[in-house]
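Chemist: Can you keep this structure in mind? I'll have questions shortly.
What follows draws every value from the coordinates through simple rules; no lab data is involved. This one's a predicted model, so the numbers in the text were calculated from it and none came from an experiment. All Cβ positions, even for glycine, are placed from backbone atoms using ideal geometry, and neighbour counts span all protein chains on display.
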């Protein structure tokens, strides 16, 4: 099949392009630039991809004519408008941006400082959290955010099984700089970032409402959670260190059973009691590795999840959604080599 | 005055040596190696120090004869024995190791897996947390641990003023590799550590009881706290990200007042509401910078403190204790240049 | 087909294993440990590989019975002995170690400080520099060293075409720490390596005679070259910055023509005039990218080549040799995703 | 005495400010911003300096009235104009920029792509290479460039003593990112720079003519040298790896004697035969450490020098010039602690 990709020049877009080129069910990837009016040589703007493709001008009719589906790997706020003709036409879209993830227009506006899509359109969007839902039969899939993925996967077994006091949740999330994208900023200037740790968007990160929206689907008592983000002096990877108080009668076995039940059949999530994953063990792969432990002294549960923010946190999960949408095996196109040595 | 230093070859010891060489009240630093039976050239083992000194064989009588005080920068477990003749003689000691920090022999044994000093000796040791006590008049000063310093300074205003639910404390502490010392380990092998984050000693770090001991002096209701340690891919610095629930009637003003009252006259601790410090801004200095904020949504307080683990977390605080012990001005010998650019 | 792999626990071995698992012509990879007497679970020693295989005890007869060929990814000096039964049996071997690369026993002994294999065995070894020779029909292939590959590929067009004064060659080669392997050493301790550059084995690196041996095949006037190695604070990649004086009548066009002629049909080597490659653009891939420029002022030619030391410099080139040996297409199993973003 | 400083907000300027604050002969440092028309709070723009000073508007008359000398730490091209009134008034200036370093206006224009100062003004400028000249009695001192300092110090003993073929010189220089300054660029974006090596300004670096100008003062036969610059994934430090062919009758002893004669009495330069310095051993200090070795096989001499680009390569050498200008001891204000551990 032919697929379209809008936004190849961004970090997620270029990784997604590499995955699609190697996907056995994809015959051709057509590239589109939403801000272009004429074709542009990919080699000129991204020589590192070693490809002769052109990035074509953006035209919804052309995209729908020449492809069976389209990926948007554009910045937040862009797909709100761009997606409309595709939604109207029930044309399959997988959207890596945040525009259609939140069901509440007010919440979107508050956290993204932008106007949300209309409720009618929002209602057609499916939140593609691949380990808990399927995109089969969906036409508009909102691919989850990177911090959201790592945090939700860490907390899901505990929230779904009501094992914790939901008001006690604390998430100390850390990300490499590729999460901040290609744009030059003071925060990601090498001389400043190197040998440093910097908090940013404290209590204001736009993935907070996304996490809460999902957790509340599982337990309506979950309030807004305490969530901080720290920028790491490394390029790829997210570690979400999560803490929550176990309910008073919860035992180690209850916790273990919840994680085993939830993830033992999952292709890409591995949860292990008492063994905390190193960030690098998932970099270059689509895995989410989780370690958890009930501290018998504090009766708090520590859950640490790690993902590659550009794979399981973006392009990799987008391929999972693509596989679900079109009925391919879950691991198709995702048998990736980790960045060894660890 | 002349001072002795045992353990110059370790990371803390070598930084302490550099500070002492520049301290205006120190005439001479005599070096001793506790495992040596004959003098050794410092240049041979540590050419980077560019010094011609000898490391002399360890002999308590000689040390007491030729110096007015002595620093121990040796590994945990070593000073338990080494310190005895000095304690017996009431000879001034500043001990950077953990052996004499904990008042309970059982607690020491449990966390350090070693035999503790006798109660009689422990009682003579003063815990030199310089921002809250003075070592003036003390003869045996136990210099606080690096994680302990950063965590206690972050939590002190809240615990002392009973503003938080003490059972809700969560500390997510991160350290550079110099905290792990000079010893070659898998955890600190460059190919493994680089571009990575790794948790270690989860719920088992020996600074946990040290922190709790101090917090309980201020509020006996503080239980064992939730405390994790993560190894960072950088050399110097600790960030302690602390979380605690504010008591229900506590306001932003209460929190601010507590920090202002506690630290406004402190030479080396700076606390700012709503501005979270970057790790690198204290590296190379003896400062502890703290940012704090009451999250109005979660009613949790986030407190982030940063220190240079080898300075405020070791050798710098040792100099503070030295200044207190001998009546020098607090900042003497500690007017250090940060590792610019930040 | 089934292939054997001896030495999966090393860095090159584990990367090679990952490549072989994804090679479309490989049905099964059987692992062997040359120092083992009983089977060992791979998961125990290398959990990051997420595999249930066993590492089997080393037994040449078993290896030959159960596989159509075998890879050795063992340390220098080990295959000298291990390879004998395979050579005697004319069983196909690809050897990633240096033991059989040098044709002169004396040169091997001088640079490796070990006894070389016998001349009889050495004569059966083919130096598998894939871009200039083919391993088709060979049974014992010595896979080139990482520094040797990057340096020889950079200099080949100039030496083969006699465009430079061979006595003027200077190579300033730099490598990430994975080239130093898994062994814990002071040189690769994170606190020492990070934010540092360190020269090592100055004028003594064992790849020097390997480079010279190959260059002399092309031009017998090439003497021992000036070659230094510097350890970089990064994990993967080699950059070889090479300098040589152009002969007085050599023009820019002569240089360009030589590179174009040599590499325009090469699958994995890309040479560009006046554009110098960034190291990271080849990391995660089997490419060797080369930039070159004749400086009109100094009449020196600067040639900079970059490779991933574990791929084109080890496991990737081993796959190339495997493809040549068995008649598979050159890029089979080597369509790898770079470690984006660059 | 009071000193003025123009350009505290740049990397060199802020380091220079820290040094001046601790210099025992400096009573007050007055800050000036050349692009300002009103006073600005230093705390606002550079909170990491923890100072309450104001940056005052730029006014030559005020600067001369309130200070005994002035430092310029401004970008290339700025002091060409700014310096005029000070030169006219014979007021002492130490200029860290490149504007007045080159004696030839044409050479300046060619390499800097800017108009040079007039010959009259250029003639009043003294090139302050502190290890070979003295700024005593000078009023306008051009502080050498960072690459120039490291390269000239490495080559000086060989060039001065005519031990090498000057046409054979090759310099492979590497620098950390702080050398590229505070400006946000693609080249210094963390996600691009990290785990990478990148060449830049190949054969075009503006320090080339500066190096050649100085070497030609010692040996008029030195032509333009082969010189490349590579950006390192670290913040501070330069390593200049230099290569040159020894003249045919030159012995190891000749080389050693030249280095010993040249540097044995030098306060800040240490040269050692056969021991190559690690970059980090000078970071945080004003030292230049040099290792050298005559390779008996190639008869090439390898000389490797390391400096901290912001200290010996900028602000530290500026303090040396200041000490020379006003007759203070060479090491005054420069007894700095290295960034341990190494």
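Chemist: Would you work out the relative contact order for region D:147-309, in percent, from Cα pairs under 8 angstrom that are 6 or more residues apart?
Modeler: 31 percent
Chemist: Let me ask something additional. In nm, to one decimal, how far is the residue B:75 label point from the residue D:200 one, both placed 7 Å along Cα→Cβ?
Modeler: 4.3 nm
Chemist: Taking the inverse of the average 1/r across all pairs of different Cα atoms in chain D, what Kirkwood radius in Å do you get?
Modeler: 20.5 Å
Chemist: Would you mind telling me the antiparallel percentage of the DSSP bridges in region C:1-103, rounded to 5?
Modeler: Antiparallel bridges: around 10 percent, rounded to the nearest 5.
Chemist: Can you tell me the orientation of helix B:252-263 relative to chain B, as the angle in degrees between its alpha-carbon axis and the longest Cα principal axis, to the nearest 10?
Modeler: 20 degrees
Chemist: Another question about this same structure. What translational diffusion coefficient, to the nearest whole µm²/s, does region C:147-309 have by Stokes-Einstein, given a Kirkwood radius computed over alpha-carbon pairs, a temperature of 20 °C and 1.002 mPa s viscosity?
Modeler: Answer from the Stokes-Einstein relation: 133 µm²/s.
Chemist: Sticking with this structure for a sec: Can you list the copy-to-copy distances for residue D:50, using a point 7 angstrom from Cα toward Cβ, in nanometres, shortest first?
Modeler: So the distances to the same position in the other copies read 2.4, 4.6, 5.0 nm.
Chemist: What are the label-to-label distances in nm, one decimal and shortest first, from residue C:27 to the same spot in the other copies, with labels 7 Å along Cα to Cβ?
Modeler: 3.3, 8.6, 9.2
Chemist: Restricting the count to DSSP beta bridges whose residues both fall in region A:147-309, what percent are antiparallel, rounded to a multiple of 5?
Modeler: Bridges in region A:147-309 are about 70 percent antiparallel.
Chemist: Quick check: the angle from helix C:146-160's long axis to the longest principal axis of chain C, C-alpha only, nearest 10 degrees?
Modeler: Computed tilt is about 40 degrees.
Chemist: Now for a separate question. Note down the relative contact order for chain D as a percent, whole number, built from C-alpha pairs under 8 angstrom at least six residues apart.
Modeler: Relative CO of chain D lands at 17 percent.
Chemist: Under a GNM of chain D (C-alpha, springs under 10 Å), which listed residue has the highest mean-square fluctuation: D:270, D:203, D:67?
Modeler: Judging by the Gaussian network model, the answer is D:203.
Chemist: For residue C:219, place a label point 7 Å from Cα along the Cα-to-Cβ direction in every copy; what are the distances to the other copies, in nm, shortest first?
Modeler: Between copies, matching label points for residue C:219 lie 2.5, 7.3, 7.7 nm apart.
Chemist: Here's something else I'd like to know. Can you sort C:239, B:1 so the residue with the fewest Cβ neighbours within 10 Å comes first?
Modeler: By the 10 Å Cβ count, ascending: B:1, C:239.
Chemist: Another question about this same structure. At what distance in nm do the modelled label points of residue D:297 and residue A:182 sit from each other, each positioned 7 Å from its Cα along Cα→Cβ?
Modeler: Modelled inter-label distance: 4.5 nm.
Chemist: OK, next. To the nearest 0.05, how large is the calculated FRET efficiency for residue D:115 and residue C:257 if R₀ is 35 Å and r is the Cβ-Cβ distance?
Modeler: Computed FRET efficiency for residue D:115 and residue C:257: 0.30.
Chemist: Now for a separate question. Which whole-number percent is the relative contact order of region C:15-90 (Cα, under 8 Å, 6+ apart)?
Modeler: Relative contact order for region C:15-90 comes out at 23 percent.
Chemist: Something else about it: From the convex hull of the Cα coordinates of the protein assembly as shown, what is the mean projected area in square nanometres?
Modeler: Average of the hull's projected areas for the protein assembly as shown equals 51.1 nm².
Chemist: Can you tell me the orientation of helix C:207-218 relative to chain C, as the angle in degrees between its alpha-carbon axis and the longest Cα principal axis, to the nearest 10?
Modeler: For C:207-218 against chain C, the angle is about 60 degrees.
Chemist: To check you understand DSSP bridge types, tell me what percent of the beta bridges within the protein assembly as shown (both residues inside) are antiparallel, rounded to 5.
Modeler: 45 percent
Chemist: Determine the shielding of peptide B:42-55 by partner chains: average, over its residues, the number of Cβ atoms on other chains within 10 angstrom of each Cβ.
Modeler: Taking the mean over all residues of the peptide, I get 2.
Chemist: Quick check on chain B: helices-only [θ] at 222 nm, where DSSP H runs of length 4 and up contribute -39,500 (n - 2.57) each and the sum goes over total residues. Nearest 500, please.
Modeler: That calculation yields -8000 deg cm²/dmol at 222 nm.
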